[in-house]
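The values are calculated or read from the model by the stated rules, or taken from the named source; none is laboratory data. It should be emphasised that the depicted structure is a prediction, and the values quoted were computed from it without experimental measurement. With ideal geometry, Cβ positions are generated from the backbone for all residues, glycine too; neighbour counts draw on all protein chains shown.
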Amino acid sequence: MRISPYGGTLVSRVVDEAQWKKVLVAAGTHSVQIPDEDQINLFNLATGCYSPLTGFMTEQEYSDVLDSNKLPTGVDWTIPVLLRVDKALAGTLTNGDSVALRDQSLRPLAALEVESIFSIDTEQYCAKVFGTTSSEHPGVQDCLRKPVTCLGGTIHLPASSIPSLRHFQSPVALRAWLDASGKETVTAFSTRNVCHLGHEYLHTLALEITDMLGINVITGAQVKGNFLSDVIFDTYEYLVEHYYPRNKVFLQNLRIPPIYAGPREAFLQATVLQNLGFTHFIVGRDHAGTGNYYGRYASQEIFRELTDLDIEILPISEPRFCKVCKKITTDRSCRHTGADVTLINGRDVRRFLLEKRYAELSNIVREDLQRYLTGLVEEHIDRSSHAPELELAKTRQLFYN
């Protein structure tokens, strides 16, 4: 029996083409262009990734989430899903209107039935969602750039608007595929980085605990400083094809915009993963965090406070390479500390590649993936240039958006 969607019912706001034509006519001349981040939220709402939400949040939903981490129905929810629009545009609308939601090329993607028009206090928002109002926090910076006026209401989206993306499956499709596999328990692992040995350690633990492992590569809107998603997918495809047990590991494109909300964002990820059909979720050190704004394991602790999800959280300590034991360990499984251990993280992998400190990738990335990644770096260097900064810029373009 597959795990239940969050809230009990898998939402679908996808309409057929005949219904879509009627919805679009009802919208008339009312329309708003929405950026990539809002498009990701739109598709997640329509396909059920954000079940039980049926649209962008109303003022009541927003207030309840901000004040109590709950929806008006009483179920736990941590991240406001808002459609923030220009105040002048909102002034032309009233509750009951229908608005076409368009991409940057003005193509209509969906329509929203306006149920609520309201403004938010950005300082309060940042304090509640990010736990800080510091202008150094990237989530705060993003929040302050956006309008304060919001439209809330139910959405309608035609199937033709859903993009075709590498390794993406909707909750309906993935649940059907998992049912057909005959496997009951499935662990989710989420990442924005190429695979390193710390990740492989976590994957091994997951395969000992459950029947299958789903590696969820978070693509969303690209974040400056991250590997490009195609590079990440290439490394994981290689591992699945050459090393991992057959028919037990698969890839999923997890579309979540960059939020930087630490524990609250970890809870949102868990919500989406339950809706996709996963039964377990690995949550590690500083999951979904940024800088030093959140406690090392705060993203594990939130699941002890908010308990409505059915997905089982696997709280695992940070893997590191122990030079004494000569293997990947954690502080729970090995006594060694300090200079005896090498911490493993994606930031170091990127830095060592960009600075061509390839030898330092040993004990962090398996040897054949090292060759693949360093080959990509060397392939994109302009060898006719004698300016190191130009070489670095060309290398960065391979890994950064």
### Message
Any residue in region 340-353 that is touching a residue at least 40 places away in the same chain (Cβ under 8 Å) sitting within a Cβ distance under 7 Å of a residue that is surrounded by fewer than 17 Cβ atoms within 10 Å (Cβ to Cβ) and among the aliphatic types (A, V, I, L, M)? List the pairs, counting only those 6 or more apart or interchain.
### Response
none
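When region 3-21 is examined, which residues are found to be more than 23 Å from LYS70 (Cβ to Cβ) and exposed (fewer than 13 other Cβ atoms within 10 Å of the Cβ)?
Quick first cut of region 3-21, residues more than 23 Å from LYS70 (Cβ to Cβ) only: 12, 14-21.
Selection gives ASP16, GLU17, ALA18, GLN19, LYS21.
Picking from HIS380, HIS287, HIS336, which residue would you name as being under 28 Å from ASP230 (Cα atoms) and either over 23 Å from the mean Cα position of the chain (by Cα) or at pLDDT 95 or above (or both)?
After applying the criteria, what remains is HIS380.
I'd like to verify a number: residues in region 264-290 that are aromatic (Phe, Trp, Tyr) and surrounded by fewer than 21 Cβ atoms within 10 Å (Cβ to Cβ), how many?
Step one: of region 264-290, the residues aromatic (Phe, Trp, Tyr) are 267, 278, 281.
If we keep only those that are surrounded by fewer than 21 Cβ atoms within 10 Å (Cβ to Cβ) too, we end up with none.
Residues meeting the conditions: 0.
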### Task
For region 177-194, indicate whether the set of residues that are surrounded by 21 or more Cβ atoms within 10 Å (Cβ to Cβ), over 21 Å from THR271 (Cβ atoms) and of a type outside the set (Ser, Thr, Tyr) is non-empty.
yes
### Query
Restricting attention to region 168-194, which residues are closer than 19 Å to PRO258 by Cα and part of a loop (DSSP other than H, G, I, E, B)?
PHE168, ARG192, ASN193, VAL194
### Task
Kindly state which strands (runs of 3 or more DSSP E) lie completely within region 76-162 and contain at least 3 residues that are among the β-branched types (Val, Ile, Thr) and at pLDDT 95 or above.
149-158
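For region 130-185, enumerate the residues that are closer than 24 Å to ALA100 by Cα and among the basic types (Lys, Arg).
Restricting attention to region 130-185, the residues satisfying the condition of being closer than 24 Å to ALA100 by Cα are 143, 145-165, 170.
Scanning region 130-185 gives ARG145, LYS146.
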### Query
Could you say whether any residue in region 241-255 is closer than 29 Å to GLY291 by Cβ, at pLDDT 95 or above and surrounded by fewer than 18 Cβ atoms within 10 Å (Cβ to Cβ)?
yes
